[in-house]
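Each remark here refers to the structure printed beneath this line.
The values are calculated or read from the model by the stated rules, or taken from the named source; none is laboratory data. Everything numeric in this text was worked out from a predicted model, so none of it was measured. Reconstructed Cβ throughout: ideal geometry from the backbone, glycine too, with neighbour counts over all protein chains shown. Just so you know, the surface numbers come from the protein's heavy atoms only, side chains and all, with ligands and any DNA or RNA stripped out. Shrake-Rupley method; radii C 1.70, N 1.55, O 1.52, S 1.80 Å.
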Amino acid sequence: MHSRVVKILLAGRLPYGVGLQLQKTLADHHHKRLSEAANTLILLEHEPVYTVGIRSKGYTEEDEKRLRNLGAEFWRTNRGGLITFHGPGQLVAYPVLNLKQFHTSIRWYVHEVERMVIRVCAEFGIKAETSPDTGVWVGDRKICALGIHGSRYITTHGLALNCNINLKWFDHIVPCGIEGKGVTSISKELNTDVPVADVLPIFMNAFSDQFECELIEYPLGEVSQLLRDAHRTLKV
């Protein structure tokens, strides 16, 4: 039995902005040391969206317009990393953790996240690994993108694992700014349809093992309230 507890927040499919707001609310609880501050693992899928990180490498308004015309949103964010795509069929995980309760090192945290994703892939019989480029790879094809943000040891942003996402969305960008490399998914590697719902339980087990914590579900009432507040704040 692990002494550390992390609450699981299953948020379903959300627009990117609502996901950002949700993380901000939970991170603020930690920063303000509110009584409801809880280590939380947000698990969701996003509506189609291209996001750029702090190293945006001059994405122009023209680029932005071109990508929006494909039917996706476009967001500039404060995570690490360059441009990527999120959409249905991709498991997005945002761990909002106080690393002082784990190990006070962002580097350690990134390493643990990578190892956890490699474990998930191994459960499906896929040999994944890290490379000098960020993320988790199967050969020279990226199966999981990582973009981590840490502020006073509170983590936000996280990872996006391709389950059965339509990989054509990635044709319009150089994913994460890395030339000459491709993207893949669990479904593509196994040549069979593996939806997010099939990956979730395996992912949660791997997270619990890797971070030596017990996962408990967020009470539904609290989830609804958090999501309502996130939607409302975004509209303001």
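Below are the figures for this structure:
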| quantity | calculated |
| --- | --- |
| For region 214-224, Karplus couplings with θ = phi - 60° (6.51, -1.76, 1.60), whole Hz, Gly/Pro x | 9, 9, 10, 6, 5, x, 4, x, 5, 4, 4 |
| J(HN,Hα) series, region 186-196, from Karplus relation 6.51 cos²θ - 1.76 cosθ + 1.60, nearest Hz, glycine and proline x | 4, 4, 5, 5, 9, 6, 8, 6, 10, x, 3 |
| Which labelled figure in (i) 1.02; (ii) 0.96; (iii) 1.08 is Cα Rg over 2.2 N^0.38 Å, once derived from the coordinates | (ii) |
| DSSP-assigned coil residues among trypsin sites (Lys or Arg not before Pro) in region 128-159, each with at most 15 further Cβ atoms within 10 Å | 152 |
| Neighbourhood charge, 9 Å Cβ-Cβ cut-off, centred on residue 4 and excluding it, Lys, Arg +1 and Asp, Glu -1 | -2 |
| Solvent-accessible area of residue 233 with every protein chain in place, 1.4 Å probe, in Å² to the nearest 10 | 70 Å² |
| Accessible area, probe 1.4 Å, largest first, for residues 76, 4 | 76, 4 |
| Long-range HN-HN contacts of residue 194 with modeled amide H, under 5 Å | 187 |
| For residue 148, distant residues with modelled amide H under 5 Å away | 80 |
| Three-way shape call for region 29-165 based on the alpha-carbon gyration tensor, with the a/c threshold at 1.5 | oblate |
| Efficiency of FRET between residue 65 and residue 5 - r from beta-carbon atoms, R0 41 angstrom, step 0.05 | 0.35 |
| Dipole moment magnitude, nearest 20 debye, the chain about Cα centre, only Lys, Arg, Asp, Glu C-beta charged | 640 debye |
| Derived scalar couplings ³J(HN,Hα) [region 114-125; Karplus, 6.51 cos²θ - 1.76 cosθ + 1.60; whole Hz; x for Gly, Pro] | 4, 5, 5, 5, 4, 5, 4, 4, 4, 4, 8, x |
